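Engineer: Have a look at this one.
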Amino acid sequence: MDIIFKNEISVDDFIFLRKTVGWGEMDFNLASRAIDNALFIVTAIYDGKIIGLTRVSGDGGYTVLIQDVIVLPDFQNKGIGKKLFHLCAEKAKLCGADKFYICAGSAEETIAFYTTLGCEEAKEINQELYDGDPRDMQLEYTFAYR
């Protein structure tokens with residue numbers, strides 16, 4: 001399977017990915033802001049079509065936040081999410097970040113995905129994010145060990 005990885009996405013493709021994996025419809029203007037305000041984005045393209053995305057936010061400093069890892073259902077469990085994650089880790093290190101911070105939600109399969117990549121329970125809990133969703137599992141992935 002020849003997959004191309006890029007650092008761009010259209011608003012329509014971002015909305016499509018979110019909707020296809022069951023994250024619901026997103027307003028075009030909100031999706032546009034989410035893309036524009038990302039520190040960086042890495043996408044996976046197969047046969048000319050978008051099949052996955054990782055979106056990262058932050059100030060490019062000490063810690064950056066993985067906002068989204070999305071892979072279309074037909075392409076899941078093929079290592080694409082893992083590749084997207086590691087490509088983002090390399091970009092984050094180049095920005096000077098020491099670690100990823102991840103809000104993994106409460107779904108067991110999401111937490112399992114991140115822990116198989118080496119993510120651990122966050123040592124410092126972001127209280128603002130916790131207050132927004134106390135069920136959210138906060139994880140981190142420290143680059144110093146990689």
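Where a number appears in this text, it was derived from the coordinates with a stated rule and is not lab data. Bear in mind the structure is a predicted one, so any value in this text is a computation, not a measurement. So basically every Cβ, Gly included, is an ideal-geometry build from the backbone, and we count neighbours across all protein chains shown.
Engineer: Of the labelled options [x] 105, 28, 22; [y] 40, 31, 29; [z] 49, 42, 25, which one gives Cα extents along the principal axes in Å as computed for this structure?
Structural biologist: Looking at Cα extents along the principal axes in Å for this model, the match is [y].
Engineer: Follow-up. Quick one: dipole size for the range 3-145, taken about the Cα centre, charges +1 on Lys/Arg Cβ and -1 on Asp/Glu Cβ, in debye to the nearest 20.
Structural biologist: Once rounded to the nearest 20, the dipole reads 520 debye.
Engineer: With the dipole of the range 3-145 worked out from charges on the C-beta (+1 for Lys and Arg, -1 for Asp and Glu) around the Cα centre, which of 32, 86, 139 lies farthest toward the positive end?
Structural biologist: Going by the charge dipole, the pick is 86.
Engineer: Kindly provide the helix-only [θ] at 222 nm of the chain, computed as the sum of -39,500 (n - 2.57) over DSSP H runs of four or more divided by all residues, to the nearest 500 deg cm²/dmol?
Structural biologist: Numbers: 5 runs with 49 residues, N = 146.
One gets -10000 deg cm²/dmol as the mean residue ellipticity at 222 nm.
Engineer: Among 107-120, 80-93, how do they line up from the highest to the lowest mean number of other beta-carbon atoms within 10 Å?
Structural biologist: Details: 107-120: 14.4, 80-93: 18.9.
Final packing ranking: 80-93, 107-120.
Engineer: Short version: ³J(HN,Hα) in whole Hz for each residue of the range 7-24, in order, from phi by Karplus 6.51 cos²θ - 1.76 cosθ + 1.60 (θ = phi - 60°), x for Gly and Pro, what are they?
Structural biologist: Values, residue by residue: 10, 8, 7, 7, 4, 4, 5, 4, 4, 4, 4, 4, 5, 5, 8, x, 8, x Hz.
Engineer: Which FRET efficiency value, to the nearest 0.05, is calculated for residue 29 and residue 107 with the Förster distance at 35 angstrom and r the Cβ-Cβ distance?
Structural biologist: Values: r = 28 Å, r/R0 = 0.79.
Efficiency, rounded to the nearest 0.05: 0.80.
Engineer: Roughly how far apart, in whole Å, are the Cα centres of the range 122-143 and the range 1-50?
Structural biologist: Taking the Cα centre of the range 1-50 as reference, the centre of the range 122-143 is 24 Å away.
Engineer: At a Cα cut-off below 28 Å, give the lysines reachable from residue 78, other chains included and same-chain residues fewer than 8 away excluded.
Structural biologist: Straight-line reach from residue 78, under 28 Å: 6, 19, 49, 91, 93, 99.
Engineer: If the label point is 7 Å along Cα→Cβ of residue 10, which residues in the range 22-46 have backbone nitrogen under 12 Å from it?
Structural biologist: none
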